[in-house]
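A.B. asks: One structure is given below, represented as structure tokens, and several questions about it will come after.
What follows draws every value from the coordinates through simple rules; no lab data is involved. Values in this document were obtained by computation on a predicted structure and should not be read as measured data. Backbone-built Cβ (ideal geometry, glycine too); neighbour counts: all protein chains shown.
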Amino acid sequence: MPYLTNKIGPHQFTALSGQWIPPAQKVRVEARPGVDGVEVTKEGKRGEPFSMTSTVDCENYKDAIDKFTEYTELVDADPVVVTQGDESSSAQKFKCKVIAVRKLHAGKLVNAIGNKQSEDAGALLVARWEMIAIEDA
């Protein structure tokens, strides 16, 4: 069985957890004392900030750190397509602007016996992505 696609921009992950929040119509409800009823004003279609957690296997610890550095380059970049479990944000007509990326874990999976500083040990990179959905024009 093939793996599901999990991506943020060009970066592919083993797992991507969390749920995006697509842009939605915002309304403001105003009720004033002494006045019957309420006033509802449409304020436009906007996204709300949300977070997702990515997990990826890396060749070694250095590769994990290099990948994380690449992730941080998306903070100043244009909005990107997010794909979670083969479901793409572009199919719902929005992209995601990366606000911040934090490294939650970058650790070695396997250490060679007697050599705890082995450069060839596999590593796992877990990162938290803070994003906001932006309607695709």
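A.B. asks: Would you confirm whether or not segment 21-34 contains a residue that is surrounded by 14 or more Cβ atoms within 10 Å (Cβ to Cβ), closer than 28 Å to Gly122 by Cβ and out of contact with any helix residue (DSSP H, G or I) (no Cβ under 9 Å at 6 or more places or on another chain)? I'd like the intermediate steps shown before the answer.
C.D. replies: Of the residues in segment 21-34, the ones surrounded by 14 or more Cβ atoms within 10 Å (Cβ to Cβ) are 21-23.
When the remaining residues are screened for being closer than 28 Å to Gly122 by Cβ, the result is none.
So far as segment 21-34 goes, no, none of its residues is surrounded by 14 or more Cβ atoms within 10 Å (Cβ to Cβ), closer than 28 Å to Gly122 by Cβ and out of contact with any helix residue (DSSP H, G or I) (no Cβ under 9 Å at 6 or more places or on another chain).
A.B. asks: I need a count of the residues in segment 78-106 that are touching a residue at least 60 places away in the same chain (Cβ under 8 Å), among the hydrophobic types (A, V, I, L, M, F, W, C) and more than 10 Å from Met131 (Cβ to Cβ).
C.D. replies: Step one: of segment 78-106, the residues touching a residue at least 60 places away in the same chain (Cβ under 8 Å) are 80-86, 89, 92, 94, 96, 98.
Next, only the ones that are among the hydrophobic types (A, V, I, L, M, F, W, C) stay: 80-82, 94, 96, 98.
Those still in the list that are more than 10 Å from Met131 (Cβ to Cβ) too: 81, 94.
Qualifying residue count for the region: 2.
A.B. asks: Are any residues in segment 6-20 among the polar types (S, T, N, Q), surrounded by 10 or more Cβ atoms within 10 Å (Cβ to Cβ) and either in a loop (DSSP other than H, G, I, E, B) or touching a helix residue (DSSP H, G or I) at 6+ places or on another chain (Cβ under 7 Å) (or both), and if so, which ones? Show your work before the answer.
C.D. replies: Of all residues in segment 6-20, those among the polar types (S, T, N, Q) come to 6, 12, 14, 17, 19.
The next check asks that each one be surrounded by 10 or more Cβ atoms within 10 Å (Cβ to Cβ); those that pass are 6, 12, 14, 17.
Thr14 - this is the single residue of segment 6-20 that is among the polar types (S, T, N, Q), surrounded by 10 or more Cβ atoms within 10 Å (Cβ to Cβ) and either in a loop (DSSP other than H, G, I, E, B) or touching a helix residue (DSSP H, G or I) at 6+ places or on another chain (Cβ under 7 Å) (or both).
A.B. asks: Of all residues being charged (D, E, K, R) and over 15 Å from Thr14 (Cα atoms) in segment 64-80, which is surrounded by the fewest Cβ atoms within 10 Å (Cβ to Cβ)? Just the residue, please.
C.D. replies: As a first pass, look at segment 64-80 and keep what is charged (D, E, K, R): 66-67, 70, 73, 76, 78.
Adding the requirement that they be over 15 Å from Thr14 (Cα atoms) leaves 66, 70, 73, 76, 78.
Working: Asp66: 14, Glu70: 12, Glu73: 11, Asp76: 7, Asp78: 10.
Among those that are charged (D, E, K, R) and over 15 Å from Thr14 (Cα atoms), it is Asp76.
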